[in-house]
Each structure stands twice: as structure tokens, then as C-alpha cells.
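Notes for the one structure printed next.
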Amino acid sequence: MNNAYLSLGSNIGDRLEHLQHAVQLLNEHSSINVLQVSSVYETEPVGLTEQAKFLNVVVRLETTLEATELLSACQSIENKLGRMRKIRWGPRTVDLDILLYNEEHIQLENLIIPHLRMQERAFVLVPLVEINEDVKNPTTGTLYREELAIKEDGVNLWKKVGQVEEFLRKG
Ligand SMILES: Nc1ncnc2c1ncn2[C@@H]1O[C@H](COP(=O)(O)OP(=O)(O)OP(=O)(O)O)[C@@H](O)[C@H]1O
Ligand SMILES: Nc1nc2c(c(=O)[nH]1)N=C(CO)CN2
């Protein structure tokens, strides 16, 4: 069994519903079990700043899928929920990024794990550390909570707004 952490973000339409729907679809996948979902955080857009605020969560799951198969599963959920791939770092119905897959390093053309930009993103690290404060950067061995502590935007960027609830039951 493989353990993975995903980051989910939405900044279009009913953002909470999109996140809930994405978590539900992940959990309904026959080879994925969602184990934990962080609180929902409302965050200022990073990168392209002239866009609506995001809601972000991090999910911990176990899966028998290979990392590339998990990426395909994430992309099919993005497509199902109507994500338009137009602007880099631009608005999205829902975006699913694989942060960590076991403690593996993966360098493929279409998949890099650990996610390249995760350690510079408080909207990823805050919910990640909330669900597991002992998780380490597999490359450096540093605890992500320590990486978060030295981040300047870690304090004001985010606000807890709620929970994704009741989506963890398999039918
Ligand atoms: N760890 C990963 N998780 C998800 N996608 C990845 C990962 N590594 C590489 N990719 C590739 O990144 C491509 C572009 O992803 P996407 O359009 O979601 O980028 P983005 O969300 O705008 O920016 P960012 O990558 O900074 O979050 C995907 O087609 C995918 O193949
Ligand atoms: N706050 C926030 N900013 C972002 C996000 C996101 O999920 N949350 N996703 C991006 C592209 O992946 C770019 N910028």
C-alpha cells in the first residue's frame, strides 16, 4: 500500500462544493482510500495575484495505484469538475497536485515528486502540517513544520474557514 498527500485548491464558483466533490470522487475510486482531510483554508492567490481567493485543503490517502496512475486519477477528477487548462497559475474550478508519494523521488516529464513548489507555499504547508506535524521533506530530511516556521507569508496568508465533512464514507 502506498501513502500519498495531495493538495487541492479552488477559486471559482462554489469553492467548498468543488473541494468536497473532489474529495468524494477520490474516495469513491476503488483503489484509493482517503484517510485524512485538513481544515479548509481561505488563502490569497500566489503567483498570479490578480484573481479570486482560493480555498485549499490537503488530503492524506492510501492507494494501490502507482504514482503515474494516481496522477491520471487526479487529472480525470479535474476534468470531471470542469477545470480549463488555460492560464498558468490562473483561476481553476479545482486543482489536484500530488505533494508526496511514500518517500519517493520521481522525476518524469509529466510528474515530479516531491511537488517542486510545495516548500515555498504556505497554502500547502499549513494544511499539510495540520494533518501530520511529523512529515519530512524526503529530499532534505527537514520537517515541513520547520520549513513553514521560517516562511514570511506563513502567518497572514491563510484563514481557517471550515471542514470538508462526511465525504469519507465508502458507499
Ligand atoms: N506532483 C505533481 N502533481 C500534479 N501534477 C504534476 C506534478 N508534477 C508535475 N505535474 C504536471 O504539471 C502539469 C501542470 O499542472 P497544472 O496545470 O496543475 O499546473 P499549475 O497548477 O498551474 O501550477 P503548479 O504546478 O505550480 O501547481 C500537469 O499536467 C502534470 O503533468
Ligand atoms: N492561494 C493559492 N494560490 C495558488 C494556488 C492555490 O491552490 N492556492 N494554486 C496555484 C497553481 O497551482 C497558484 N496559486
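A simple charge model with +1 on the Cβ of Lys and Arg, -1 on the Cβ of Asp and Glu and nothing else charged puts the dipole of segment 1-152 at about 460 debye relative to its Cα centre. Each of Leu6, Leu71, Leu48 was placed along the dipole of segment 2-163 (beta-carbon charges, centred on the mean Cα), and the one lying farthest toward the positive end is Leu48. Note on segment 1-30 and segment 113-127: Cα centroid distance 17 Å, given to the nearest whole angstrom.
In this simple spin-label model, placing a label point 7 Å from the Cα along the Cα-to-Cβ direction at both Glu17 and Glu130 gives a separation of 2.2 nm.
Any read-out appearing in this document is the output of simple, stated calculations on the displayed coordinates, not a laboratory observation. Only a predicted model underlies this, so the values are computations on that prediction, with no experimental measurement involved. Cβ sites come from the backbone with ideal geometry, for glycine too, and all protein chains shown count toward neighbours.
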